[in-house]
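Throughout, read-outs are computed from the coordinates displayed, never taken from laboratory work. What you are looking at is a predicted structure, and each value in this text was computed from that prediction instead of being measured. Methodologically, a virtual Cβ is constructed for each residue, glycine included, from the backbone with ideal geometry; neighbour enumeration extends over all protein chains shown.
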Amino acid sequence: MKENKKIKDKFVPGLVSIIMPCYNGEKFIKETIESVLAQTYVSWELLIIDDGSKDGSVDIIKSYQQDQRIKLIQQANAGSAAARNNGIRQSKGQYMALLDSDDLWLPEFLEKQINFIKKKQVVCVCCSYSRIDEDSNDILRPVIAKSKITSKDMQAIDYVGTLTGLYDQSKYGKIYLREELNSLLDDYAFFVDVINLEGIAYGNPEILAKYRFRQGSMTSNKRKLIKKHYVFYRTHFGQSVLQSMVSVIKWGTAGLIKYR
């Protein structure tokens, strides 16, 4: 379902809407929520969309609802894209950020990213991030954000770490994830759509977030993603067979560097 209508929504100035889908996230979601509560920038709302969890996620989320900035939204299982869109529809903030229920922000993430987006005078920014394992230990090397990201850059490689992106919705309105992708690379497509609004985004070199690398996750097995990326380039970008193959090679090369 495509909902990317360029409409003039009404937003609360300065408020950040944090969209967090959750499916069976009881193992990590407490630590993730705590990283939001620790933010030095306090004007935010956290919309947690439980996507039909069968574990104790909902009870954990409810235990934090004494903070009125935290809102639980429950839905039948429909996938991360549908869950995120559910949260976006109910969001009120000028700024919007996507944060998965197992990733973390450093305390100054919001403060520094809002200052950065104002400095660059664009609608989208991201930042560098480190990577952690399931026990929150640092692993691999940090991923350093590309300083300037154009629409053309995004045609082969997703340069925006989902947990690091910040979108100012006040100029163009809400942008929704593409549910027709069935939660496959939908976050990539989302930031393509956002960056296409003005053709550019900027990356903050500071490491302000932590991506949790989970064994068995889709991103942990690059071989499984090769075909899916090829299909994505063909269908989403409309690239030719040759162009798609070149894009896969570029993505694969970047992945080898990223995960070595």
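Could you tell me whether region 74-186 comes out rounded, prolate or oblate from its Cα gyration tensor? Rule is a ≥ b ≥ c as square roots of the eigenvalues, rounded for a/c under 1.5, then prolate if a/b exceeds b/c, otherwise oblate. Rounded. Each residue of region 194-206 was assigned a 3J(HN,Hα) from its phi angle through the Karplus expression (A = 6.51, B = -1.76, C = 1.60, θ = phi - 60°), giving 5, 5, 5, 4, 10, x, 7, 9, 10, x, 7, x, 5 Hz with x at Gly and Pro. In terms of the Cα gyration tensor, with a ≥ b ≥ c the square roots of its eigenvalues, is region 75-138 rounded because a/c is under 1.5, prolate because a/b exceeds b/c, or oblate? Oblate is the answer for region 75-138, as a/c is 1.5 or above yet b/c matches or exceeds a/b.
For a quick check, take a GNM of the chain with Cα springs below 10 Å and name the residue from VAL143, VAL12, VAL123 with the largest mean-square fluctuation. Most flexible of the set in this elastic network: VAL12.
If a/c stays under 1.5 just call it rounded; otherwise compare a/b with b/c (prolate if a/b is bigger, oblate if not). Do that for region 1-137, with a ≥ b ≥ c from the square roots of the Cα gyration tensor eigenvalues. Oblate. Mean separation of Cα pairs under 8 Å and 6 or more residues apart, divided by the residue count, gives the chain a relative contact order of 24 percent.
Calculation over all alpha carbon pairs of the chain in 10 angstrom steps from 0 returns a P(r) of 7, 31, 39, 20, 2, 0 percent.
Which of the pairs LYS118/LYS152; LYS27/LYS118; LYS54/LYS227; LYS62/LYS228; LYS92/LYS152; LYS30/LYS120 have their Cα atoms more than 26 Å apart in this structure? Long pairs (Cα-Cα over 26 Å): LYS27/LYS118; LYS54/LYS227; LYS62/LYS228; LYS92/LYS152; LYS30/LYS120. Between LEU106 and ALA209, LYS210, the built amide H atoms are under 5 Å apart, and every one of these is 5 or more places off in sequence or on another chain.
The Cα atoms of region 139-218 cover 37, 31, 24 Å along the three principal axes, with the biggest extent listed first. For trypsin sites (Lys or Arg not before Pro), the sites in region 76-112 that DSSP calls loop and that have at most 15 other Cβ atoms within 10 Å are LYS92. Given a 10 angstrom Cα cut-off, can you work out which residue in LEU99, LEU110, LEU72 is the most mobile in a GNM of the chain? Between LEU99, LEU110, LEU72, it is LEU72 that shows the largest mean-square fluctuation.
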